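The values are calculated or read from the model by the stated rules, or taken from the named source; none is laboratory data. Treat the numbers as computed from the prediction; the structure is a model and nothing was measured. In this analysis, Cβ positions are derived from the backbone assuming ideal geometry, glycine residues included, and neighbour counts consider all displayed protein chains. Accessible surface is based on the protein model in full, side chains and every heavy atom, while ligands, DNA and RNA are left aside. Shrake-Rupley method; radii C 1.70, N 1.55, O 1.52, S 1.80 Å.
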Amino acid sequence: MMTLQEVIVESHDDFPIWSSVVVGFDDDKSLVVLLEHDDYDEPDYAYKVYATVDKRDAMGMARRLNVSLTDLPAVIFKRYGEASNVFVPSEVEATFKDILDFILDCGVRYRLKREDKS
């Protein structure tokens, strides 16, 4: 469960494959960028990828961007967010990669974890 989360982008609901990117904080106050991928025709291919920036690095990122720690999800939404869901999953995944590159550009690291949903 994430708090202060922002839905950055998601693909169209009517496609057989759906993806989304959400940014928020976990229980440890680490910044989490979550890529979720569902394949309605082939459920075995559904997964989640978590990119986690620990609290200390997230605080450094916030300092570098001159914002408060709790504003990071909103800052990322402002930079990469899209309210419409007209994207295809590959565009959603490209946005996820762009956000990860942005995190690295801020001088901090993240840890990746993939979780199969099946």
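Screening region 99-118 for residues that are within 14 Å of the chain's Cα centre (by Cα) and surrounded by 13 or more Cβ atoms within 10 Å (Cβ to Cβ) and picking the one that is farthest from Phe25 (Cα to Cα) gives Phe102.
Taking the criterion of being touching an Asp or Glu at 6+ places or on another chain (Cβ under 9 Å) and touching a residue at least 40 places away in the same chain (Cβ under 8 Å), the residues of region 5-28 that qualify are Ile8, Val9, Glu10, Ser11, Ile17, Trp18, Ser19, Ser20, Val21, Val23, Gly24. Could you please let me know if Leu72 is within 14 Å of Leu4 (Cα to Cα), open to solvent by less than 50 Å² (accessible area, probe 1.4 Å) and either modelled with pLDDT of 95 or more or aromatic (Phe, Trp, Tyr) (or both)? For Leu72, the condition - within 14 Å of Leu4 (Cα to Cα), open to solvent by less than 50 Å² (accessible area, probe 1.4 Å) and either modelled with pLDDT of 95 or more or aromatic (Phe, Trp, Tyr) (or both) - is met.
Residues are listed down the side, and each one gets a yes or a no for (1) under 26 Å from Pro16 (Cα atoms); (2) at pLDDT 95 or above:
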{"site": "Leu35", "(1), (2)": "yes, yes"}
{"site": "Asp44", "(1), (2)": "yes, no"}
{"site": "Ala58", "(1), (2)": "no, yes"}
{"site": "Val67", "(1), (2)": "no, yes"}
{"site": "Asn85", "(1), (2)": "yes, no"}
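Does Asp101 fit the bill of being assigned to a helix (DSSP H, G or I), among the acidic types (Asp, Glu) and in contact with a helix residue (DSSP H, G or I) (Cβ under 9 Å, 6 or more places away or on another chain)? No; evaluated as a whole, the condition is false for this residue. Against the conditions (1) open to solvent by less than 50 Å² (accessible area, probe 1.4 Å); (2) assigned to a helix (DSSP H, G or I); (3) of a type in the set (Ser, Thr, Tyr), Ser84 satisfies every one except (2). Within region 88-98, being open to solvent by 50 Å² or more (accessible area, probe 1.4 Å), in contact (Cβ under 8 Å) with a residue 40 or more places away in the chain and not in a loop (DSSP other than H, G, I, E, B) holds for Glu91, Glu93.
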